[in-house]
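Below you'll find the structure, written out as structure tokens, and then a few comments.
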Amino acid sequence: MIRGGAWVFALRITERAFSLIRIIILARILAPDDFGLMGIALLTMATIETFSQTGFQAALIQKKDNIRTYLDAAWTVLILRGFLLFTILFFIAPYAAIFFEVSQAKSIIQVVGFSVLLQAFTNIGVIYFQKELEFNKQFVHQLTGTLANFVVAVSAALALRSVWALVFGSLAASIVRLAVSYLIHPYRPHLRLDLGKAKELLGFGKWILSSSILIFLLTQGDDIFVGKLLGTAALGFYQMAYLISNMPATEISHVISQVAFPAYSKLQDNLPKLREGYLRTLQFTAFLSFPIAGLIFLLASDFTRIFLGDKWLPMVPAMAALCIFGATRAVNATIGTILQGMGQPKVSTFGSGFQLLIFGAIIYPLTRKWGILGTSIAVVIPNIFFLLYVSRKLANALDYKLVKFVTPLLVPITGIPIMFATMFFAQVWTDEGLISFLFSALLGVGAYLATVYELDKIFDGGLRDNLRVLFKVG
């Protein structure tokens, strides 16, 4: 699991490096409206995709038996779904443009819809990379698409200086990943509609579908609301703020969860080992994600001014608020993963339903009052309630006291105020600018690492052992 995790982290770090450079370049060339237009297209596609999720991938990974006899049936259903989604997107595009009151969105949605079709034909054999923890091969598969997106998007932006640069970059990534999936894995799928096998996979996948719909409404409902109520420019600001502030969740916890899910599935019948593995995973997730959220919170204004430009400064308050969401979501992701690995995805589904009710009740008044900052607050509050609910359920499922869930978080949490204080004094004694930004960030991270190391040594928290294993295996 740790060896696989090292590959996944290498992939995500490389991907995010290219993504961050791409965002900085494109943010300088394109306007917030362009990002908002692309956001509308991706939002429309995500809406249709989410409400037709099969949950096959999670079901195949979680399944203990040999899955080879299920692959063709799953691939066939996914292709049929791809054609259906592409058709729906093509004909729904004019109505989406009318809904958001942006006529340019129609053609963008129709072209972006080709990505759904391309993804459907991906070689389903790549599922083995995650199931068998062969993340070195997944590294190659995913990174090729990222490189294609980077090269095409930046080149098109310099030539066209329009939203189509983002569209062409997204399509290039899908085309390259489709081709590489057949080059990197020997399995060759065939069209075979086996309703019995598909129905069996859907038995597990139905909870993934339900959970995906609820998570979509929670993570994309705010985008729909902002785009409709506040306009495309506000949506561009909000999506950029969300993207940057959620790095702890998307770049840390989701990477760990991707590796942990197949490992949990293999350990689902060994409760003591499963419990030990989860608590170590939770501790490591907090150790990495909490300081990143803290850095973004403190440096949001400086980062935006230095790297993106003054035109993006209106998003800073929302970015700072969403950092809290990123930190709590990182912890929530670890819980959802182990519940799926134990074959209990319905717990997360019920928790997401409860979260959605709170979110739906508060988003309109808060957005009306404070704009995208209010939307950000409306996202943060329900997520905290979700964390309280699912952590209690997980404690019961793993047969341990809730206090043991909190214990792995104490050392990373304690290091955050030390990091904040160090960065504050560093900024006071240095001038504004890139040098000050880098100096305070590095000094803050150093103070955090030193604090965590000493506290872990005093209380024997086990974090140093995890890190030693990671570096040894890596």
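Extension gain, Gln344 to Thr87, is 89.1 nm, computed as 0.36 nm per intervening residue step minus the present C-alpha separation. Between Leu20 and Lys457, the simple label model (points 7 Å from Cα in the Cβ direction) yields a spacing of 2.9 nm.
What distance in nm lies between label points placed 7 Å from Cα along the C-beta direction at Thr430 and Leu229? Roughly 3.9 nm, to one decimal.
Between the alpha-carbon centres of the stretch 140-186 and the stretch 106-135 there is a gap of 13 Å. When each of the peptides 170-178, 81-89 is scored by how many other beta carbons lie within 10 Å of its residues on average, the order from highest to lowest is 170-178, 81-89. Between Arg28 and Ala46, the distance separating the two model label sites (each 7 Å from Cα on the Cα→Cβ line) works out to 2.7 nm.
Ellipsoid semi-axes for the stretch 230-474, based on the Cα gyration tensor and the rule √(5λ), read 31, 26, 14 Å when sorted largest first.
Going down the table (Lys346/Lys393; Lys106/Lys228; Lys273/Lys404; Lys131/Lys346; Lys228/Lys369), which pairs top 19 Å between alpha carbons? Those over the limit are Lys131/Lys346.
Plainly put, the chain has a radius of gyration that is 0.95 times its Kirkwood radius, both from alpha-carbon atoms, as the Rg/Rh ratio. The relative contact order of the chain comes to 19 percent, based on Cα pairs under 8 Å that sit 6 or more residues apart. Potential lengthening of the chain between Arg161 and Asn270 amounts to 33.7 nm, from the contour at 0.36 nm per residue minus the alpha-carbon distance. Relative to the current alpha-carbon distance between Tyr400 and His190, full extension at 0.36 nm per residue lengthens the span by 71.0 nm.
Each peptide among 230-237, 186-193 gets the average number of other Cβ atoms lying within 10 Å of its residues, and from highest to lowest they stand as 230-237, 186-193.
Every number here is computed from the coordinates shown, using simple stated rules; none is lab data. The structure displayed is predicted, hence computed values, not measured ones. Please note: Cβ atoms are built from the backbone with ideal geometry, for glycine as well, and neighbour counts cover all protein chains shown.
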